[in-house]
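Take a look at the structure set out below.
Quick note: the coordinates plus some simple rules give every number you see, no bench work behind them. Computed from a prediction, not measured in an experiment: that's the story for all the values here. We place every Cβ from the backbone using ideal geometry, glycine too, and count neighbours over all the protein chains shown.
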Amino acid sequence: MTTIRIPTPLRPYTGGSKEVDVTGGTVGAALVDLSARFPDVRRHLFDDAGGLRPYVNVFLNDEDIRTLQAEATPLQSSDRLMIVPSIAGGAAEPQGVPVDHAALRANQASIILLLVAAFILNATWLVAVVALVMLTGTALGRPGFLWVYLLLRRIGLVKPDVLRDHPQPHRFAQGLGGAFLVAALVAAWLGVPWLSWGLVWLVIALAAVNLFAGFCVGCALYYWLHRLGLPGFRVGPLPSTFPGQRPGNDR
Amino acid sequence: MSVSLSAALLEAIHAYGARAYPEEGAGLLLGAFEGDDRHVTRLVPLDNRFRPESRTRRYLISPRDLLSAEDEAERLGLEVVGVFHSHPDHPARASEFDTQWALPVYSYVITQVQAGVAVESRSWRLAEDRGMMTEELLQVSNTPDAEEA
C-alpha cells in the first residue's frame, strides 16, 4: 500500500479524500490503480494517449519523479506519493500579420468615387483604369490605390489603423473586384450596358459594404473556399472573427 | 456558478496585471467554496515561473508555490479556490492553452491588460469533459471583507 496525496481540485473525484491508499510496484502502476478506483480522476491525470498531462507533477517523498525514474520509479510500501499540479496558461499566440486597414479603406473609397464618377460621366475608359489599377495592385500584393493613401497620410488626413489580419483574403477580394470590372468592360464591348453598369455597381456596393460596415465579402468568399479545401486558399479566418468581418483585434 | 470578490480585491488583481505588463502576472485566489460558487477573500500574487522569453504569452505557478499557498490558506482557515492571471494586449477570454492546462473546480479569473492598463476581468471554469472553459459570473461587491489582504 502506498498513500497518494490528492490535490484540492481533484478531491471531488476521489470522494473528497485528501489521501488515498493505492497498490502498485511503480509510480505509474500506483497512478493507474488510483484511476481504476476513481475513474473520474483519470481524464484529469492522463491525456487521450495515456501520458501524464503536462501539469501533473508527482513527488515521491518530496522528490519529483522526473528526477528519479519517472513513472517507472519503484515504490516501497512506506512511500508517500504526492500529486501537485503546476498551474499554467496564457493568452493565445497572436495570429495574422499587421495589416493597415486605413490603406484598405482608402483603396475602397477611391474605387467607389472613381466608379460612381465613371457611371455619371458614362466613361467606360475610367472603369478600365480602375480595373487596371486594382488588378495591378492584386498582382503586386497591395492596395491598387496605395498611393492615394500615402498621399492622404502625408497631408495628415488619415492615420494608420494597423490590425492583425490575414492579407491574402484582401488581395483576393481586390482581384475579384478587378475581375468583375473586366467582365463589365466585356459586357460594354458586347453592347449590353445594363449588365456592364450592373457589374460596376456591384463592385461599388461591395466596396461600400467593406468601407462603411467593415465587412469584406470577397474575404468571406476566400475563407469559404478555404473551408472547402480549395488549393491556394491557405489561411483560415482569425479565431473568434466571423469570416469577412473586420478583425476586432481581440475584442 | 459564480465567483465573488470585493471591488478592492478586483482592483488589486488589476494592479498586479498592470504591474506585470508586458508579461503575464498570476497568482492564486484564496477563499471558500460555497456549493457551486466561490467567495474570494484573499490574493496570493506569485512570480511567473515560465521561461522568461515566453512570459508575455504564458504564466506558470510552480508546484512548490502552490504548496506554500495551500499551507497559508490552511493557516487562515481558507482554501485555494482559483487562479488569476493577466492577458497582455489580449482579451480576458480563456485560450486553448488555458483550457489544456486548466484544473477542474478552480475558478480562473483572467484580466485583459491593454497597453499597460487593466481593462476588464472575466472568470472561467473548466467543463467536466475538459473540452472548453465556460464563463461564470464574476460578482463584485463594494463591501470589503474583514480578512482581505
Original post:
Taking only C-alpha pairs under 8 Å that are 6+ residues apart, what is the relative contact order of segment A:117-205 in percent?
Top reply: 30
**OP:** Would you look at the GNM of chain B, springs on alpha carbons closer than 10 Å, and say which of B:G27, B:G82, B:G116 moves the most?
**Re:** B:G116
**OP:** Can you check what the net charge comes to around B:L66, using other residues whose Cβ is under 13 Å from the Cβ of B:L66 (Lys, Arg +1; Asp, Glu -1)?
**Re:** -4
**OP:** Please give the contour-minus-distance gain from B:E72 to B:S141: 0.36 nm per residue of separation, less the Cα-Cα distance, rounded to one decimal in nm.
**Re:** 22.4 nm
Original post:
What FRET efficiency would be calculated for the residue pair B:E120, A:F119, taking the C-beta separation as r and a Förster radius of 41 Å, to the nearest 0.05?
Top reply: 0.30
**OP:** With an 8 Å cut-off on Cα pairs and a minimum separation of 6 or more residues, tell me the relative contact order of chain A in percent.
**Re:** 15
Subject >> Spin-label model distance (nm) - A:Q76 vs A:R53, 7 Å beyond Cα toward Cβ >> reply: 3.2
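Restricting to segment B:84-149, compute how many DSSP beta bridges are antiparallel as a %, nearest 5.
70
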Subject >> segment A:174-251: C-alpha gyration tensor shape, a/c 1.5 cut-off, then a/b vs b/c >> reply: oblate
Original post:
What's the center-to-center distance, using Cα atoms, between segment A:56-94 and segment A:15-51 in Å?
Top reply: 13
Original post:
Between A:A88 and residues 5 or more places away or on another chain, which pairs have amide H atoms under 5 Å apart, with H built 1.01 Å from N, and which residues are they?
Top reply: B:I61
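Could you give the DSSP H helices of chain A that reach 20 angstrom or more along their long axis (alpha carbon positions) and whose average Kyte-Doolittle hydropathy is no lower than -1.0?
Qualifying helices, which must be both long enough and hydrophobic enough, are A:101-121, A:124-140, A:167-189, A:193-213.
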Original post:
For labels at B:A8 and A:D161 in the simple 7 Å Cα→Cβ model, what's the distance in nm?
Top reply: 4.4
Subject >> FRET efficiency for A:V209 and A:R154, using Cβ-Cβ distance with R0 set to 22 Å, rounded to 0.05 >> reply: 0.20
Subject >> Of B:V105, B:V113, B:V80, the one that fluctuates the most in a GNM where chain B has Cα springs shorter than 10 Å >> reply: B:V105
Original post:
Where the centre of each part is set by its Cα atoms, how far does segment B:69-135 sit from segment B:9-40, in angstrom?
Top reply: 8
Original post:
What is the distance, in nm, between label points placed 7 Å from the Cα along the Cα-to-Cβ direction at A:W147 and at A:K18?
Top reply: 7.8
**OP:** Would you please give the FRET efficiency between A:F46 and B:A127, computed as 1/(1 + (r/R0)^6) with r the Cβ-Cβ distance and R0 = 22 Å, to the nearest 0.05?
**Re:** 0.80
Subject >> Which of B:S107, B:S141 has the fewest Cβ neighbours within 10 Å, and the rest in rising order >> reply: B:S141, B:S107
Original post:
In terms of modelled amide H atoms, which long-range or inter-chain residues lie less than 5 Å from the amide H of B:G116?
Top reply: B:D89
Subject >> Binned Cα-Cα distances of the protein assembly as shown, short to long, each 10 Å bin given as a whole percent >> reply: 5, 19, 22, 17, 14, 11, 8, 4, 1, 0
Original post:
So what is the relative contact order for chain B, in percent, with contacts set as C-alpha pairs under 8 Å and at least six apart?
Top reply: 29
**OP:** Give the shape of segment B:11-149 as rounded, prolate or oblate, defined through the alpha-carbon gyration tensor: a ≥ b ≥ c are the square roots of its eigenvalues, a/c under 1.5 means rounded, and otherwise the shape is prolate if a/b is larger than b/c and oblate if not.
**Re:** rounded
